[in-house]
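Structure record follows, encoded as structure tokens.
The values are calculated or read from the model by the stated rules, or taken from the named source; none is laboratory data. All figures in this text were calculated on a predicted structure; none of them were measured in a lab. Heads up, the Cβs are rebuilt from the backbone with ideal geometry, glycines too, and the neighbour counts pull from every protein chain shown.
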Amino acid sequence: MDPYAALRFKEFNIFLLVRFAMVFAWSMQFIVIEWQVYTLTKDPLSLGIIGLMEVIPAVSMALFAGHIVDQKEKRGLLFKCILGFSVISLGLFYTSLPSVVATMETKSLLYTIYALVFLGGIVRSFIGPTIFSLIALIVPKKIYPNAATWSSTTWQMASVLGPALAGFSISYIGVHWSMCLIFVFSIIALIALLFIKRKPILNPKIGEPVMDSLSEGLKFVFSNKAILGALTLDMIAVLFGGAVALLSVFAQDILNVGAEGFGILRAAPAVGAALMMLSSAHFPIYKNAGKKLLFAVFGFGLCMIVFGLSTYFWLSVGALFLSGALDGISMVVRQTILQLKTPDHMRGRVASVNSIFVGSSNELGAFESGVTAKLMGTSTAVVFGGIMTVVTVGITGLAFPKFRKLDLQKDVEDHEE
């Protein structure tokens, strides 16, 4: 298949610009907020509360958001989501005004920021399912694997570059104008989205009761072995492979490389993932998809074991880089399975279940890493997580032979014109 097939569709290129601008702004905003809040409080617990304020509404609202997405026109809904994000960005820009910071009580200012982050979590619960559903309305089904690769690559690059620019912008222009820059990126996404035409609503059950709709979505996910297997493997890898949450401990106490080494360790998996996603555009990822996903998650677990045992800096960097590359394969394969195996009228609900699996496991993974590090020691905790990932892949491969044999070649061919 043409590695640039999806990029030959004008609307898909505009979609990538919208996605890049949004993910870039969102990831940059999170870093700037963390800096501002810690500057105000000097309390590490306040940083944990920021994550909590976003995750609680994002996960608890996810299923309802999926129902709404399946009932509404996708481009219009995404426009409202980005508009909501822009208003929140404007609010954060206001709270960072030097005059506001100087005159407003610290506690009141902090609560205002938390409230805006909470509202952002609600918006986030709608954006994921809406974007997932919109891709399917922009490119033909035979292009889904290629589109999923470029979409995932765009997300990865934006999520790496956003925090990087946040650090520089805080240093050179300060928190206030960094917030302004975030607002500008959200407006760019908003304007670009206007160049994508409104899309038809493919759900034949418009007006279906919420509980019936949610029940149907959950039943579909848990009865479809391909989708359930993909979501489960990803959740397990994130849950038990949460070494990233402990990187500061490795940098300071185990590898003794300081802040500069910490930056390299933090960047290694992201660079590996981005490079692998770009490479995968040139190779058919849909052939033997089940085996590729099992291999990728198995290899990810082995990388975590090597990283946990390593006391050599560059070996640790290499293990993290390779873990990122394998995670990149896993992400592309998972997105391809979801795109090809999900009926058009259920995309919002399936994507919302996916966001619960991935979103909750990210937070739980960090928590699991912290608890096991406290109980077993940092290195042992990471090795334990890697072993659990490898064992889970082995059990999944043996218990679900159909998933092991999953091949999406026919799914693509069935929809070729």
Inset, instruction - Could you give me the residue pairs with C-beta distances under 8 Å whose first residue belongs to region 101-130 and is not assigned by TED's automatic domain parsing to the domain that holds SER355, whose second residue is not in a helix (DSSP H, G or I) wherever it lies, and which are 6+ apart or on separate chains? - result: THR112/MET104; GLY121/MET61; ILE122/MET61; SER125/MET61; PHE126/MET61
Inset, instruction - For region 84-91, indicate whether the set of residues that are within 30 Å of PRO140 (Cα to Cα) and either modelled with pLDDT of 85 or more or crowded, with 16+ Cβ neighbours inside 10 Å (or both) is non-empty. - result: yes
Legend entry - Any hit, region 286-303, residues being under 23 Å from ILE135 (Cα atoms), among the small types (Gly, Ala, Ser) and more than 19 Å from the chain's Cα centre (by Cα): yes
Legend entry - Residue tally, condition assigned to a helix (DSSP H, G or I) and more than 22 Å from the chain's Cα centre (by Cα), over region 8-23: 3
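Table: residues versus (1) free of Cβ contacts under 8 Å to residues at least 60 places away in the same chain; (2) in the same structural domain as ILE143 (by TED's automatic domain parsing); (3) within 26 Å of MET157 (Cα to Cα).
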site	(1), (2), (3)
PHE24	no, yes, yes
GLN29	no, yes, yes
VAL32	no, yes, yes
ASP43	yes, yes, no
VAL87	yes, yes, yes
Inset, instruction - Please work out if ALA192 is part of a helix (DSSP H, G or I), among the hydrophobic types (A, V, I, L, M, F, W, C) and under 19 Å from the mean Cα position of the chain (by Cα). - result: no
Inset, instruction - Using the structure shown, decide if PRO145 is in the same structural domain as GLY66 (by TED's automatic domain parsing) and under 27 Å from ILE337 (Cβ atoms). - result: yes
Inset, instruction - Could you check GLN156 against (1) modelled with pLDDT under 80; (2) more than 25 Å from SER86 (Cβ to Cβ) and say which number it fails? - result: (2)
Inset, instruction - All but one of (1) over 26 Å from ALA164 (Cα atoms); (2) within 24 Å of the chain's Cα centre (by Cα) hold for PHE30, so report the exception by its number. - result: (1)
Inset, instruction - Show the residue pairs that are 6+ apart or on different chains and have beta-carbon atoms under 7 Å apart, the first residue being within region 255-271 and in the same structural domain as SER330 (by TED's automatic domain parsing) and over 25 Å from ILE329 (Cβ atoms), the second being crowded, with 17+ Cβ neighbours inside 10 Å and modelled with pLDDT under 75. - result: PHE262/LEU247
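For region 304-315, check the following and say yes or no: at least one residue is within 19 Å of GLY229 (Cβ to Cβ), of a type outside the set (Asp, Glu), at pLDDT 80 or above and assigned by TED's automatic domain parsing to the domain that holds LYS225.
Let us first name the residues in region 304-315 that are within 19 Å of GLY229 (Cβ to Cβ), namely none.
No, there is no match, as no residue in region 304-315 is within 19 Å of GLY229 (Cβ to Cβ), of a type outside the set (Asp, Glu), at pLDDT 80 or above and assigned by TED's automatic domain parsing to the domain that holds LYS225.
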Legend entry - Within region 208-262, considering residues that are within 19 Å of MET61 (Cβ to Cβ) and not aliphatic (A, V, I, L, M), the one modelled with the lowest pLDDT: GLU208
Legend entry - Hey, THR149 under 17 Å from VAL332 (Cα atoms), modelled with pLDDT under 85, hydroxyl-bearing (Ser, Thr, Tyr) and touching a Ser or Thr at 6+ places or on another chain (Cβ under 6 Å) or not: yes
Legend entry - Condition check for VAL333: surrounded by 22 or more Cβ atoms within 10 Å (Cβ to Cβ), at pLDDT 80 or above, among the β-branched types (Val, Ile, Thr) and out of contact with any Asp or Glu (no Cβ under 9 Å at 6 or more places or on another chain): yes
